[in-house]
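Coordinate-derived values only; no laboratory data. The model shown is predicted, which means the values in this text are computed figures rather than measured ones. Cβ placement follows ideal geometry from the backbone for every residue including glycine, while neighbour counts extend to all protein chains displayed.
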Amino acid sequence: MNEITIYSKSIDNLFEKWEEKHFSNGYKYFIRDGIVNPDIWYNMDCPKICYFLKEAYTYEGKYDLPDLVKELKNKEPWSMWKKVSIWTQAIYNAFLGDISYVDENNYRENIDKIAVCNIKKSNGNSHSEEKNLEKFLNEDLDELKEEILLINPDIILCGYTFRYLMEVLKDEDIIYDYKNSPLFAIWKDKLIIDYYHPACFYPNRVNYYALSKIVQVAMKNHNILTKYKKY
C-alpha cells in the first residue's frame, strides 16, 4: 500500500472508534478533520503544515458539519481559512528566502496543502470555553496524539493551543527555550509554532511577516527542515 492508502485507512479507523466513543458519551456530533487533500500532501515538495486548533465550525456559523476536510476541499475557503492560506504562504516563502508580502493569494491551492487537527470534535462554537475545551482534551489525549502521528507534519502551527499540544505530546523530546525563543519549539524533527488563532483581528500583513520571521529564526537557530530551504 502507498502512503495515501495507508493514511486514509488508518485515519478512517481512528475516527470510527473516536466517533463511537463520542456518541457513547452523549455527544451529538463528531467532526472529522485531518489532511485536506492526501493526493497533494504526499506529493508536494514544500513543508507539510498542520494547524492545531480548538474546534471546528462552518462558514455559515453552523456547528454540525460532519467532515471539516470535505468542507475545506469542496468549498471555496471562507473568511478564517483565507487567513490560514495567507499564513501558509508566509511559511512557504520563508523557505524560499523571499518574504515579500503579496496581496494576491491562491486560497484554494494553499488550503489543499494543509492538515487540520481540532481539539474539540463535537458541537463546536465560534468561541471556546476553556473548561469545556479542557474536558475534551483530557478525554481524547490518546486519540489526538495518534491523529498527529498519522498526519506526520513537518510544522505544527498552534492557534493559541500550544499548552494543549504540550499536554498531548507529554513533553516528549521537546526543545523549548521560553526565554530566548518563546514563539516556537522543536519536537523531534518538527517545528511547533506558538501563535494566535487564525480568527485573530491582527492585519494579514502583520501575521504574514511575523510567521515568516519565526520560521527563519527557527531554521537558523536549530538547522531544522533544511531540505525545504531554497536559498
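Report, for the range 137-218, the % of DSSP beta bridges that are antiparallel, rounded to 5. Let's see the in-between values first.
Values: 6 of 11 bridges.
The antiparallel fraction comes to roughly 55 percent.
Specify the residue with the greatest mean-square fluctuation among Y51, Y208, Y29, computed from a Gaussian network of the chain linking alpha-carbon atoms under 10 Å apart. Judging by the Gaussian network model, the answer is Y29. Toward the positive end of the charge dipole of the chain, with +1 on the Cβ of Lys and Arg and -1 on the Cβ of Asp and Glu, the farthest Cα among M44, L137, I31 is that of M44.
Taking amide H positions as modeled 1.01 Å from N, with prolines and chain starts lacking one, the residues under 5 Å from E55 and 5 or more places away or on another chain are I119, K120. Between F30, F95, F201, the Gaussian network model of the chain with springs among Cα atoms under 10 angstrom shows the greatest mean-square fluctuation at F201.
Express in nm, to one decimal, how much length is gained between L133 and E16 on full extension, taking 0.36 nm for each residue of separation and deducting their alpha carbon distance.
Numbers: separation 117, 0.36 × 117 = 42.12 nm, distance 2.13 nm.
Between L133 and E16, full extension yields an extra 40.0 nm.
Let's test the formula: R0 of 22 Å, r as the Cβ-Cβ distance of Q216 and I40. What FRET efficiency results, to the nearest 0.05?
On the way: r = 25 Å, r/R0 = 1.13.
It comes to 0.30.
How high is the FRET efficiency between E109 and K9 when r is their beta carbon distance and R₀ equals 35 Å, given to the nearest 0.05? With R0 = 35 Å, the Cβ-Cβ based efficiency is 0.85. Taken along the Cα-to-beta-carbon direction at a fixed 7 Å, the label points for Y231 and N25 span 4.5 nm. Of all DSSP bridge pairs formed entirely within the chain, close to 35 percent run antiparallel. Using the Cβ-Cβ distance between D189 and L96 with R0 set to 30 Å, the FRET efficiency from 1/(1 + (r/R0)^6) comes to roughly 0.90.
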